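The values are calculated or read from the model by the stated rules, or taken from the named source; none is laboratory data. Computed from a predicted structure; not experimentally measured. Ideal geometry is used to build each Cβ from the backbone, glycine not excepted, and the neighbour counts take in all protein chains shown.
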Amino acid sequence: MNQITVDNTALSQFQQAIRVSEVRDNGGNVLGYFAPASFSEIARHLQILAQFDPVENARRLAMGKGQGKTTDQVFEHLLTLTNDENVKADLREKIKAIKERNS
């Protein structure tokens with residue numbers, strides 16, 4: 001993640017933030033978002049979002065076009081990977097509910 005160092009004027013404004021806030025330029029354009037350090041969970045999510053590359057995501061989606069699986073197909077596959085009868089029962093229940101919902 002990139003880091004930005006702010007001057008004391010901007011620092012005083014950031015220190016007043018008590019929740020996630022938009023950061024805007026003088027023209028009112030949104031530059032990004034700021035999460036106070038006390039909001040560590042939100043800050044962690046923002047760090048993850050900052051690493052998201054929409055161009056790379058679109059490229060990967062295009063490469064895998066037509067190779068997706070439905071949720072019930074994924075659950076069917078998971079059934080083959082576990083020996084835990086409780087997990088299998090839970091998966092079968094979910095598969096049944098999906099099929100009922102889709103019919």
Gln3 fails exactly one of the following numbered conditions: (1) surrounded by fewer than 10 Cβ atoms within 10 Å (Cβ to Cβ); (2) part of a helix (DSSP H, G or I). What is the number of that condition?
-> (2)
What are the residues in the stretch 55-76 that are surrounded by fewer than 10 Cβ atoms within 10 Å (Cβ to Cβ) and either modelled with pLDDT of 85 or more or hydroxyl-bearing (Ser, Thr, Tyr) (or both), if any?
-> Val55, Glu56
The stretch 1-20 residues that are within 16 Å of Gly32 (Cα to Cα), paired with ones that are among the aliphatic types (A, V, I, L, M) and not in a helix (DSSP H, G or I) (beta carbon under 8 Å, 6 or more apart) | Phe14/Val6; Val20/Ala35
Any idea which of Arg101, Arg19, Arg44 is out of contact with any Pro (no Cβ under 7 Å at 6 or more places or on another chain), surrounded by 10 or more Cβ atoms within 10 Å (Cβ to Cβ) and assigned to a helix (DSSP H, G or I)?
-> Arg44
Meets criteria (over 22 Å from the mean Cα position of the chain (by Cα) and farther than 30 Å from Lys94 by Cβ) for Ser12 | yes
